[in-house]
Amino acid sequence: MTTDPQIIAVDGPAASGKGTLARALAAHLGFHYLDTGALYRAVGLAMLDAGLDPHHEANAVKTAEILDIDGIDDARLRTDQISEAASIVAAMPGVRAAILDFQRSFANKPPGAILDGRDIGTVVCPAALVKLYVSASPQTRANRRFLELKARGEDVTEAGVLADVVARDARDANRAHSPLKPAEDAHLLDTSNLSIEAAFRAALDVIEQILPPDADRR
Ligand code: DC
């Protein structure tokens, strides 16, 4: 008997809390975890490091094709400059195609994997067993991001962060290729009024109703 890979797709907009949630779920279930946004960020970072313009599609595709995924330095990926470069390269179909196989092989690692991103449930793993679409109001997301940036000592205003969140939503949702949208069979989880713990519980409830019991799983 073959067992379907246990894939959990967690999609949603920037600062929705999906990364925190996906990481916690993966740790709880003993699943592999992949932050797919980090791949697009890594392409943007590699281009800037090489002095290349992220708008140059052929160079972006080449960069994605030779990306050293294991060598990604997480701390350098989280700046505003890299967020911007990532969202430019993420709109290019050639870049998306170049990292698709890596994401799919990762998703099929036993005993299971959780991938978070924008198009996991719709394009990367349309057959995922569980699909969660995590959202929160733009104001809530901007407030969370504002507090995070302030804590890091960055000089930002809440209104400025809100404007960035709204602009990134529009870019991610309106692009032609793999736009941000919930899969038809996704479970919607609005975390606007949920603590991290409550969001985790709600997500786990959904997962436990769908995933087959597995002795290997904690
Ligand atoms: O989740 P994030 O902020 O790290 O994502 C960085 C950028 O990559 C963002 O503009 C959305 C894009 N992205 C994407 O297009 N598809 C994914 N699966 C993940 C991220």
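Tell me, what HN-Hα J-couplings in whole Hz come from the Karplus equation 6.51 cos²θ - 1.76 cosθ + 1.60 at θ = phi - 60° for each residue of segment 178-189, using x for Gly and Pro?
With coefficients 6.51, -1.76 and 1.60, one gets 6, x, 5, 6, x, 5, 4, 9, 7, 8, 8, 10 Hz.
Two decimals is fine: what's Rg over Rh for segment 1-152, C-alpha atoms, Kirkwood radius as Rh?
Numbers: Rg = 15.7 Å, Rh = 16.1 Å.
Rounded to two decimals, Rg/Rh equals 0.97.
Subtracting the Cα-Cα distance from 0.36 nm times the residue separation, let me have the gained length for H177 to E154 in nm, one decimal. All intermediate terms of the calculation are to be shown ahead of the outcome.
Details: separation 23, 0.36 × 23 = 8.28 nm, distance 3.25 nm.
Result: 5.0 nm gained on full extension.
For n ≥ 4 DSSP H runs only, could you compute -39500 (n - 2.57) per run for the chain, divide by its residues and tell me the 222 nm figure to the nearest 500?
On the way: 10 runs with 108 residues, N = 218.
So the helix-based figure for the chain works out to -15000 deg cm²/dmol.
Lysine pairs, Cα distance under 25 Å, 8 or more residues apart or cross-chain: how many in the chain? If you can, show how the numbers build up before the last one.
Values: K18/K109; K18/K131; K18/K150; K18/K181; K109/K131; K131/K181.
For the chain, the number of qualifying lysine pairs is 6.
Over what distance in Å are the Cα centres of segment 146-160 and segment 166-196 separated?
23 Å
Around P182, what is the net charge, scoring Lys/Arg as +1 and Asp/Glu as -1 over all other residues with Cβ under 10 Å from its Cβ?
Working: positive: K131, K181; negative: D11, E184, D185.
Net of charged neighbours comes to -1.
FYI, it's all coordinate maths here, none of it is from the lab. The structure displayed is predicted, hence computed values, not measured ones. Positions of Cβ are backbone-derived with ideal geometry, glycine not excepted, and every protein chain shown enters the neighbour counts.
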